[in-house]
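What follows is a set of notes on a single structure, which appears directly below.
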Amino acid sequence: MPYDKIIIGAGLYGLYAARFCGRNGQRVLVLEKEAAPFLRATTINQARLHMGYHYPRSLSTAKRSSDYFERFVDEFKDCVCMDFEQVYATSSTFSWTDAGAFCQFCEAAGIPCEEMPVGRYFRPGMCDGAFLTREYAYDAALLRRKMMEDLAALPGVQLRFEEEVTGIEEDGGDYRVSTSKGQCEKAPFLLNASYASVNQVGDLLGFAPFSVKYELCELILCEVGLPLRKLGITVMDGPFFSIMPFGKTGLHSLTSVTFTPHLASHEPLPVFPCQERTGGVCNPHQLANCNDCPAKPESAWPMMDQLARKYLREEFGFQYRGSMFSMKPILTASEVDDSRPTLVRTLHDRPRFVSVLSGKINTVYDLEEVLL
Amino acid sequence: MKEKDKNYLSAVIYLGNEKDSVKTFLEMLTQCLEERFEHYELIFVEDASQDGTEEEVRAYLAAMEAPPATTIVHMSLRQSLELALNAGVDIAIGDFVYEFDSMQMPWPPQLVMEAYEACLEGSDIVAVAPKRNRGVFSNLFYTLFNSSSGSKYPLRTEAFRVLSRRAINRVRSVSGRAPYRKAAYAACGLRLRHLEYQGEAAGSNEALRFSRALDSLAMYTSLAFKISLGIALFMMILMLVAVVYTLVVFLGPFVNPSPGWTTTMLVVTGGFSGVFLILAVVLKYLSLLVELVFKKQNYLVESVEKIT
């Protein structure tokens, strides 16, 4: 059965593209390795809807995020947790930015930023500025439900789970995709929205990889006391931490720049020592799900806990509930200015092969121009 | 097996040119900490070491079976021991923080844990020190310093120290920066204890010792102020004596000096006594300014005790 497009990966980017094309009357097939959508990075991350505050060294990234922020919140308001205060603070030491620069940056980016008394949240001397900002958190489970409901109404869109792409070949004006279930599908357009596997899928056709560094990251979920319940706190800009509501789950996520990444790989395809302990399930050509991997690392909770408590005042208590692990590809060009562009790269025309790589949820709209 | 301590521990280690000490030191330290603590971290502050000390450290950690959480702070340019260790302590997340000025170990290894015990017993700052100071220059400096600092804890040559989080916070809130940590710790008002060992001090890692010594004397003691004020006052008195002498010569039954001598002398001596008086006043103001700028908190409390 011929399709107009085949999409690899049922994360938000994959499903959004499927919905967009389905609504335009196209026939679309989504292939997903896992048993359900959103089982990896879409769920396992801070759930932050970026308004731009995170990128005080990259005005372009900040502007792009804030442009899409409104649109995303409008469209998915039922899946977004809005009723909390998000406080950004600049650390007194080891920060690449300070209170004055952060304020100036917010003004330039046109995003709200209201100065707060530092001592309300932090121990004396730890931060030199605290700002009340506007930023929300999405709820991956609700987002999944909404996307699946929307897709169910589109007859042209077909989703197949537990089906891995094992080979891609060019066949006239089409790509022929063979899968782990022995199936073979054809389409003139292939969208590679597999995030951490983006280079691995591209490698099947010998395309040049994105220059990324892979990080095996841990997201810690916490139960928080009353003072933190309606509050998110992010300390910028360097080896610090962030604790904020994890969607509408009632839990908070705790992450830190130093302790969230456990292992890193600088190879074009992810090579990690822990892959040896998975019995071949996970290797440089196929990434298994880090979250239910038997070889996942020990939690960095003791360090993260210590780091957050070093900054936060005593009354902001939180307890460990669990950890989730996922693989993240970080564009290597972005280390200096810490920008996080969304890359949509057309690697081949006729048949068309497009790879997308983005670290942010609300820039999903960047996809539209290539899908038209 | 004894249950491990739940406190999180940080060890901040200065990396100078001490390639040869790396292995023995890290072996000793990781073994000590591993035995006692459930979680700890190592923070190396690499301050332009040139003999491959950093590579040696990396190699040692890479060879470890389960290396502890480790951070290396790279200083942009050579900043000397004091600033480098400040940076290390700032980034440390531990409840208790060790500061190692050097990786040489003229002291017995059990002192690492004894120092921590002493900290738990109630001294916020515990320093391990040799029985004798490092040398003639050090002796002179510490004698001068201690005679005029007014602190109840005399300074001395130290090998390493343990700080509680409370001590770090206190030092930060008292002076923001600590240009001379040892003095800042001694002056922060919390309890400090020295543990002594028999033996020599380790070689110093510190560059710019002389200028640091002068800065510290000026900042933490009243010595510089007293000396300069003393000189100003002495000169003023000398000038006043000269005024009196001039008047005595002019009015007295002596041989009259050449014309104009008296006027010149009066102008010169009178003028200079005024200058020195003003200098003394300016000095007093300056010392007040240093005091106000440098010491943010105006009183220091070691502890509060409720007795009835």
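We did not get these values from a lab; they are worked out from the coordinates using the rules stated. Not measured: the values here are computed from a predicted model. Backbone-built Cβ (ideal geometry, glycine too); neighbour counts: all protein chains shown.
Brief remarks follow.
- Using every pair of separate Cα atoms, the Kirkwood estimate puts the hydrodynamic radius of the stretch B:122-264 at 18.6 angstrom.
- Summary of packing: across the peptides A:242-250, A:150-158, the per-residue average of other C-beta atoms within 10 Å ranks them, highest first, as A:242-250, A:150-158.
- Chain A: relative contact order in percent, alpha carbon pairs under 8 Å with at least 6 residues between: 24 percent
- Projection of the Cα convex hull of the stretch A:102-180, averaged over all directions and equal to a quarter of that hull's surface, yields 11.7 nm².
- Put a dot 7 Å past the Cα of A:Arg160, heading toward its Cβ, do the same for B:Arg209, and the two dots end up 7.7 nm apart.
- Take the Kirkwood radius over Cα pairs of chain A, plug it into Stokes-Einstein at 4 °C and 1.567 mPa s, and you get 61 µm²/s for translational diffusion.
- P(r) weight above 14 Å for the stretch B:128-190, C-alpha pairs, percent: 59 percent
- FRET E, pair B:Tyr285, A:Glu85, Förster distance 35 Å, beta-carbon r, rounded to 0.05: 0.15
- Per-pair calculated FRET efficiency, R0 = 56 Å: B:Glu121 and A:Glu70 via Cβ, rounded to 0.05: 0.45
- For B:87-93, mean number of other protein chain Cβ atoms within 10 Å: 5
- Estimated Rh, the stretch A:169-223: Kirkwood, alpha-carbon pairs, angstrom: 13.8 Å
- In the stretch B:223-294, Rg over Rh equals 1.20, where Rg is the alpha-carbon radius of gyration and Rh the Kirkwood radius from pairwise Cα distances.
- Sorted peptide list for B:53-63, B:281-291, criterion being average Cβ within 10 angstrom, highest first: B:53-63, B:281-291
- Rg and Dmax, both from the Cα atoms of the stretch B:214-260 and both in Å, are 18.5, 54.
- Each residue, A:Leu343 and B:Lys226, gets one label point 7 Å from its Cα in the Cβ direction; the gap between the two is 6.7 nm.
- FRET E, pair B:Val275, B:Glu302, Förster distance 51 Å, beta-carbon r, rounded to 0.05: 0.70
- Working note: Karplus 6.51/-1.76/1.60 with θ = phi - 60° gives the stretch A:262-273 the couplings 9, 9, 10, 10, 9, 6, x, 10, x, 10, 10, x Hz, where Gly and Pro are set to x.
- Computed from backbone phi with θ = phi - 60° and the Karplus coefficients 6.51, -1.76 and 1.60, the 3J(HN,Hα) list for the stretch B:150-161 is x, 7, 7, 10, x, 7, 7, 5, 10, 9, 7, 8 Hz; x is used for glycine and proline.
- Pairs of Cα atoms farther than 17 Å apart, the stretch A:127-170, %: 66 percent
- Environment charge at B:Leu163 (Cβ cut-off 9 Å; Lys +1, Arg +1, Asp -1, Glu -1): +1
- Equivalent ellipsoid, the stretch B:9-220 (semi-axes from 5 times Cα gyration tensor eigenvalues, Å): 26, 19, 17
- Mean sequence separation of contacting Cα pairs (under 8 Å, at least six apart), scaled by the length of chain B, corresponds to a relative contact order of 17 percent.
- Dividing the Cα radius of gyration of the protein assembly as shown by its Kirkwood radius returns 1.12 for Rg/Rh.
- Peptides A:291-303, B:78-90 ordered by packing proxy, namely the average of other Cβ atoms within 10 Å per residue, highest first: B:78-90, A:291-303.
- Where labels lie 7 Å past Cα in the beta-carbon direction, separation of A:Ala264 and A:Asn283 in nm: 2.7 nm
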